[in-house]
Amino acid sequence: MKIALVGYGKMGRMIERIAVDRGHEVTLRLDEFNNANFEGITRDNFEAVDVAIDFSIPAAAVQNIERIAALGVNLVVGTTGWQDRAQHSSASSARRRNYSPALRNMKPGRGRFITQPRKTLPPGRS
């Protein structure tokens, strides 16, 4: 799987180590230096990306979500504290989506969510 990391701090680096250990490829790393004004979120940058994982900051998460969703890229948001900022944006619909089937199937230590996301989501939701 080809992964884009949006937010390359402590969590982004940890996700990269785990993903690479499991045979995935991190093809894009966005942080405050190359995505300060969301300039890193482009169709060209995300062309070969299977999934983006956002562990940025609350102030940037809503724009990241909206821009990545507009590109049609699968997105996992790990950033916390951004929901209050999404009250009047299209990102609020991402918050309302039911992702609990995937979380129910994620067992500690089994890595099902990262290594087999399409198998943990109901048909048509991958």
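What follows draws every value from the coordinates through simple rules; no lab data is involved. Everything quoted here is computed from the prediction, not taken from an experiment. With ideal geometry, Cβ positions are generated from the backbone for all residues, glycine too; neighbour counts draw on all protein chains shown.
Numbers for the structure displayed
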item: Packing-based order for 33-43, 58-68, 4-14, 72-82, using average beta carbon neighbours within 10 Å, highest first; result: 58-68, 4-14, 72-82, 33-43
item: Point-to-point label distance, residue 10-residue 39, nm (Cα→Cβ direction, 7 Å offset); result: 2.9
item: Inverse of mean 1/r across different Cα pairs in the range 2-96, Kirkwood, Å; result: 13.2
